[in-house]
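The values are calculated or read from the model by the stated rules, or taken from the named source; none is laboratory data. Note that the structure is predicted; figures quoted are calculated from it, not measured. Cβ placement follows ideal geometry from the backbone for every residue including glycine, while neighbour counts extend to all protein chains displayed.
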Amino acid sequence: MLSLIKRLFGSRANLKEALSKGALIVDVRTKKEYEAGHIDGSLNVPLDTITSQLPVIKKRGKPIITVCASGTRSAIARGILKNADVEAYNGGSWLSFKNKYK
């Protein structure tokens, strides 16, 4: 069970390492959700637009940490990014991530 959780969300060490490399935090919630509260400096790319935004994300050349409300959409986004050869990590809930790392 623990290995499944690590595969979906990554380990804290991986997230800290990605942040030390200048990772970009991508919030995949809707624009309305994002506007209600978000991590300062994060980029809002709703999950339903992530595929069309791949060229923009790849151009940044940084690791990506995806966040959402609960971790489900961010896990899906991470999978899409990984399949596109982007170094990506699932940060889970934006609020939990903010409280732990920002």
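Out of all the residues in the stretch 14-25, is one or more farther than 18 Å from F97 by Cβ, of a type in the set (A, V, I, L, M) and at pLDDT below 95?
Within the stretch 14-25, none of the residues are farther than 18 Å from F97 by Cβ, of a type in the set (A, V, I, L, M) and at pLDDT below 95.
Inside the stretch 31-44, can you point out the residues that are free of Cβ contacts under 8 Å to residues at least 24 places away in the same chain and under 14 Å from the mean Cα position of the chain (by Cα)?
Taking the stretch 31-44 and keeping what is free of Cβ contacts under 8 Å to residues at least 24 places away in the same chain, we get 31-32, 34-36, 41, 43-44.
Once the filter is applied, which keeps residues that are free of Cβ contacts under 8 Å to residues at least 24 places away in the same chain and under 14 Å from the mean Cα position of the chain (by Cα), the stretch 31-44 yields Y34, G41, L43, N44.
Just one of the numbered conditions (1) surrounded by fewer than 17 Cβ atoms within 10 Å (Cβ to Cβ); (2) modelled with pLDDT of 95 or more; (3) on the phi < 0 side of the Ramachandran plot is not true of D85; which one?
Against the list (1) surrounded by fewer than 17 Cβ atoms within 10 Å (Cβ to Cβ); (2) modelled with pLDDT of 95 or more; (3) on the phi < 0 side of the Ramachandran plot, D85 comes up short only on (3).
Here is a yes/no grid of residues against (1) surrounded by 17 or more Cβ atoms within 10 Å (Cβ to Cβ); (2) touching a helix residue (DSSP H, G or I) at 6+ places or on another chain (Cβ under 9 Å); (3) at pLDDT below 95; (4) more than 18 Å from A18 (Cβ to Cβ):
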site: Y34; (1), (2), (3), (4): yes, yes, no, yes
site: G37; (1), (2), (3), (4): no, yes, no, yes
site: S42; (1), (2), (3), (4): yes, yes, no, no
site: T51; (1), (2), (3), (4): no, yes, no, yes
site: L95; (1), (2), (3), (4): no, no, no, yes
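Go over the candidates I80, I76, I65 one by one and state the one that is of a type in the set (A, V, I, L, M, F, W, C), modelled with pLDDT of 95 or more and within 9 Å of the chain's Cα centre (by Cα). If you could, list the steps in order and put the result at the bottom.
Working: I80 fails: within 9 Å of the chain's Cα centre (by Cα); I76 fails: within 9 Å of the chain's Cα centre (by Cα).
Step by step, each of I80, I76, I65 is checked, and only I65 is of a type in the set (A, V, I, L, M, F, W, C), modelled with pLDDT of 95 or more and within 9 Å of the chain's Cα centre (by Cα).
If you go through the stretch 58-72 one residue at a time, do you hit one that is free of Cβ contacts under 8 Å to residues at least 12 places away in the same chain and not in a helix (DSSP H, G or I)?
Yes: one or more hits.
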